[in-house]
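Asks: If you scroll down you'll find the structure; I have some questions about it.
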Amino acid sequence: MIPSREELKRHFANLIDDNIVDLLLRYALGEIDVSSKVEGIVKKVYEGNFGGKNIKTVYLDSNLRVTLWGEASKIEILPGMFLSARGKIVDNRLEVFDVDNVSVRFEFTAIEKLVPEKRVNLRGRVSGIGDVKFGREIYLSDATGRIKVVLWNCKDFYMKVDIGSCVEIINGIVKLSRRGEKEVHVDKNSSVRFCE
């Protein structure tokens, strides 16, 4: 039941003015959006069940935590994706129940903008292949530059790659080589795939 203007004023011992009363009434009627929005790059994703309900907990690069409930928990979310979500802040995390309040996509970084020790998504064409006996180095190029990519535990992918192939690195880590040159490593937290 929504209180009257007079009841609100009495409740607050007449310490609030008419503008605050109007604001409280609009809130009670659902006319004010109290949701919050967060955005960031997904670091980790955990799926589970809480009280018989499916949940997905997502940790972002900004150390924010987003919990998706019900249908929203069924959205495919992978490390390296950009997530935008709207929901309610509860106990220092964002709670999201509506699938329409979540969007995810991959954002790719240009080679010239790579920063050491950062996780990145990278898209480019294979412009070189390293020593076959090691089976783990390729070179990717985009419109801004060229970079060495080290594929750890990706020998099958390496054997299928060819000059000119379009490749996407998801959640790779930028490192500095012994010579101080940037390179991208595909580790256990990363994935690599062919693209169009």
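The values are calculated or read from the model by the stated rules, or taken from the named source; none is laboratory data. These numbers were taken from a predicted model, which means no experiment stands behind them. Cβ: placed from backbone, ideal geometry, glycine included. Neighbour counts: every protein chain shown.
Asks: Go through the range 128-144 and report how many residues are part of a strand (DSSP E or B), farther than 27 Å from Arg105 by Cβ and in contact (Cβ under 8 Å) with a residue 24 or more places away in the chain.
Replies: Summing the residues that are part of a strand (DSSP E or B), farther than 27 Å from Arg105 by Cβ and in contact (Cβ under 8 Å) with a residue 24 or more places away in the chain in the range 128-144 gives 2.
Asks: Right, next: Would you confirm whether or not the range 122-133 contains a residue that is at pLDDT below 90, under 27 Å from Ser62 (Cα atoms) and not β-branched (Val, Ile, Thr)?
Replies: No, the range 122-133 contains no residue that is at pLDDT below 90, under 27 Å from Ser62 (Cα atoms) and not β-branched (Val, Ile, Thr).
Asks: Taking the options Ile111, Ile89, Ile77, name whichever one is among the aliphatic types (A, V, I, L, M) and closer than 16 Å to Val186 by Cβ.
Replies: Just a single option satisfies the conditions, and that option is Ile111.
Asks: Counting only residues that are of a type outside the set (Asp, Glu), surrounded by 13 or more Cβ atoms within 10 Å (Cβ to Cβ) and outside any strand (DSSP E or B), how many does the range 28-71 have?
Replies: The number of residues fulfilling the criteria is 4.
One line per residue, one yes/no per condition, for (1) modelled with pLDDT under 95; (2) under 10 Å from the mean Cα position of the chain (by Cα); (3) not aliphatic (A, V, I, L, M):
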{"residue": "Phe50", "(1), (2), (3)": "yes, no, yes"}
{"residue": "Trp69", "(1), (2), (3)": "yes, no, yes"}
{"residue": "Ala72", "(1), (2), (3)": "yes, no, no"}
{"residue": "Leu78", "(1), (2), (3)": "yes, yes, no"}
{"residue": "Leu94", "(1), (2), (3)": "yes, no, no"}
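Asks: So, in the range 108-123, how many residues would count as being without any contact (Cβ under 8 Å) to a residue 60 or more places away in the chain and either of a type in the set (Phe, Trp, Tyr) or at negative phi (or both)?
Replies: Adding up the residues that qualify gives 8.
Asks: Among Ser73, Ser4, which is outside the structural domain of Glu95 (by TED's automatic domain parsing) and of a type outside the set (Phe, Trp, Tyr)?
Replies: From the options Ser73, Ser4, the qualifying one is Ser4.
Asks: Go over the candidates Ile138, Ile129, Ile75, Ile147 one by one and state the one that is surrounded by 14 or more Cβ atoms within 10 Å (Cβ to Cβ), in contact with a helix residue (DSSP H, G or I) (Cβ under 6 Å, 6 or more places away or on another chain) and not basic (Lys, Arg).
Replies: It is Ile147.
Asks: So for the range 145-168 (the condition being within 25 Å of the chain's Cα centre (by Cα), more than 16 Å from Thr109 (Cα to Cα), in contact (Cβ under 8 Å) with a residue 40 or more places away in the chain and not in a strand (DSSP E or B)), does at least one residue qualify?
Replies: Checking the range 145-168: not a single residue is within 25 Å of the chain's Cα centre (by Cα), more than 16 Å from Thr109 (Cα to Cα), in contact (Cβ under 8 Å) with a residue 40 or more places away in the chain and not in a strand (DSSP E or B).
Asks: Could you run through the range 18-27 and say how many residues are at pLDDT below 85 and out of contact with any helix residue (DSSP H, G or I) (no Cβ under 9 Å at 6 or more places or on another chain)?
Replies: The qualifying residues number 3.
Asks: Looking at Val42, Val66, which one is of a type outside the set (Phe, Trp, Tyr) and touching a Lys or Arg at 6+ places or on another chain (Cβ under 8 Å)?
Replies: Testing whether each residue is of a type outside the set (Phe, Trp, Tyr) and touching a Lys or Arg at 6+ places or on another chain (Cβ under 8 Å) leaves just Val66.
Asks: Another question about this same structure. With the structure loaded, tell me whether Val161 is surrounded by 15 or more Cβ atoms within 10 Å (Cβ to Cβ), outside the structural domain of Lys44 (by TED's automatic domain parsing) and farther than 18 Å from Pro79 by Cα or whether it fails that test.
Replies: yes
Asks: Would you be able to tell me the number of residues in the range 169-186 that are within 17 Å of Val115 (Cβ to Cβ), among the charged types (D, E, K, R) and free of Cβ contacts under 8 Å to residues at least 40 places away in the same chain?
Replies: Result for the range 169-186: 2.
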